[in-house]
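Throughout, read-outs are computed from the coordinates displayed, never taken from laboratory work. Please read these numbers as outputs of a predicted model, since none were measured by experiment. Note: ideal-geometry Cβ built from the backbone for every residue, glycine included; neighbour counts use all protein chains shown.
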Amino acid sequence: MSLEESVRDKITEAIASNSTVLFMKGNRTQPQCGFSATVIQILEQLGCDYSTIDVLSDAEIREGIKVFSNWPTIPQLYIDGEFLGGCDIIKDMHASGDLGKKLQVDISDLTPPTITITDAAASALQKTLSDGDGQALHLDVDGTFNTSLQLELPSTQKVTATSNGITLYISAGAIKRAEGMTIDFLDGPEGSGFKIENPNAPPPVHQMEVTALKELLNDDSSLRLLDCRTPEERATAKIEGSIHLDEGTARDLTALEKEAMLVFHCHHGGRSQRAAEYFRDQGFRNVYNLVGGIDAWSQEIDSSVPRY
């Protein structure tokens, strides 16, 4: 299959203008397939800078990148102009440490987070380590601030933090999220388990009814109403004053004050909830999801907005 010159030029420009670029389904805020989400998670763990190209929003790119790379599936990762592969290859490179080297992630320059492990937690963790047959404790704090502690082999691709005699291995992307964390262990009549307090965890995403949104818009509020749907959906129906959440908009949002009011909407509220959670996890503290999405807006506020 041949590739039109205009499509080839578009792909070439995207690769040349970004040192690390992932052609994926969706974007970093809203992956639209499990394989794309896996690669995003790996890049986030490494804490590197990267850009994404949503192939679902451009049919020419979606089919063209397969021909350009001679690779039949999405996602596809390029670093410094070199095509590395899809999800399985990226997972293998990450496990071996080759991906970190390719991205020039140097953990020797990273400062380990300060973590407090209480006496009770240290005792419980020491018992776990004694049964671990040479394995080490790995702490992960993902983009939604879910925290996990698990036994794995020691890794040279992670930094180590030590508290109360316990050493934790932590990925580069989790360092800032883990700073100041306290790990405790509670043992009571209702059961036992670890209790983790993380001062970095953002507040939950708030839910906003369409009636409340209308009042805010009428008051000329400084809120930003962000539409998480596809361009095709937006062409069918949109809320006046909304902004399409594409890659460029996502970059612009990162420059805002963290107290900026962000309201996300989609068709019914599912996709926008995930997008709202992503930006909450980037430190924004005034984040809302529109309950019922544009469908509720059409039914309750403005019947001239088409339903679909």
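Quote the relative contact order of the chain in percent (integer), defining contacts as alpha-carbon pairs under 8 Å separated by 6+ residues.
14 percent
Limiting things to C-alpha atoms, what are the Rg and the maximum Cα-Cα separation (Dmax) for the stretch 206-300, in angstroms?
12.2, 34
Any chance you could check the Cα centroid distance between the stretch 214-231 and the stretch 46-67 for me, in angstrom?
One Cα centre to the other: 28 Å.
Report the equivalent ellipsoid semi-axes for the stretch 73-126 in whole Å, largest first, defined as the square roots of five times the eigenvalues of the gyration tensor built from alpha carbon atoms.
The equivalent ellipsoid of the stretch 73-126 has semi-axes of 35, 15, 8 Å.
Quick check on my link table: of 66/91; 25/66; 127/195; 10/101, which ones sit more than 24 Å apart, alpha carbon to alpha carbon?
10/101
If the only charges are +1 at each Lys and Arg Cβ and -1 at each Asp and Glu Cβ, what is the size of the charge dipole of the chain around the Cα centre, to the nearest 20 debye?
With Lys and Arg at +1 and Asp and Glu at -1, about 180 debye.
Name the residue, out of 27, 200, 164, whose mean-square fluctuation peaks in a Gaussian network model built on the chain with Cα pairs under 10 Å.
Highest fluctuation of the listed residues: 164.
Which log10 I(q)/I(0) values, to two decimals, does the stretch 108-197 give at q = 0.17 Å⁻¹ under the Debye formula with one point per Cα?
Results for the stretch 108-197 at q = 0.17 Å⁻¹ read -0.70.
Can you give the FRET efficiency for residue 257 and residue 71, using 1/(1 + (r/R0)^6), R0 = 35 Å, r = Cβ-Cβ distance, to the nearest 0.05?
0.30
Between residue 160 and residue 33, what is the label-point separation in nm under the 7 Å Cα-to-beta-carbon projection?
4.0 nm
So for the chain, taking the charge dipole from beta-carbon charges (+1 Lys/Arg, -1 Asp/Glu), which of 45, 272, 20 sits furthest toward the positive end?
45
Two decimals, Cα atoms only, Kirkwood Rh: what is Rg/Rh over the chain?
Across the chain, the Cα-based Rg/Rh ratio is 1.02.
Suppose every K and R has +1 on its Cβ and every D and E has -1 on its Cβ; what is the size of the dipole of the stretch 5-105 about the Cα centre, in Debye to the nearest 20?
220 debye
Mind checking which of 97, 293, 134 is farthest towards the positive end of the chain's charge dipole, using Cβ charges of +1 (Lys, Arg) and -1 (Asp, Glu) about the Cα centre?
My answer, from the dipole projection, is 134.
Which residue, 217, 243, 145, has the largest displacement toward the positive end of the dipole of the chain when charges sit on each Cβ (Lys, Arg +1; Asp, Glu -1)?
Value: 145.
Between residue 186 and residue 268, how high is the FRET efficiency from 1/(1 + (r/R0)^6) when r is the Cβ-Cβ distance and R₀ = 41 Å? Nearest 0.05.
Efficiency for this residue pair is about 0.55.
I'd like the orientation of helix 5-16 relative to the chain: the angle between its Cα long axis and the longest Cα principal axis, in ° from 0 to 90, rounded to 10.
Long axis of 5-16 versus the principal axis of the chain: about 30 degrees.
How much of the calculated P(r) for the stretch 39-102 lies past 13 Å, in percent of all Cα pairs?
64 percent
Choose one answer from 137, 256, 125: the residue with the largest mean-square fluctuation in a GNM of the chain with alpha-carbon springs under 10 Å.
So, out of 137, 256, 125, the one fluctuating most is 256.
Given H placed 1.01 Å from N in the peptide plane, which residues other than close sequence neighbours of residue 185 have an amide H under 5 Å from its amide H?
So residue 185 has HN proximity to 120, 121, 195.
Quick one: helix 59-69 against the long Cα principal axis of the chain, what's the angle to the nearest 10°, folded into 0 to 90?
The answer is roughly 50 degrees.
With angles folded into 0 to 90 degrees, how steeply does helix 87-96 sit against the dominant principal axis of the chain? Use alpha carbons for both and round to 10.
Taking the Cα atoms of the chain, the angle to 87-96 is about 30 degrees.
Okay, helix-only estimate at 222 nm for the chain: each DSSP H run of n ≥ 4 adds -39500 (n - 2.57), divide by all residues, round to 500 deg cm²/dmol; what do you get?
-10000 deg cm²/dmol
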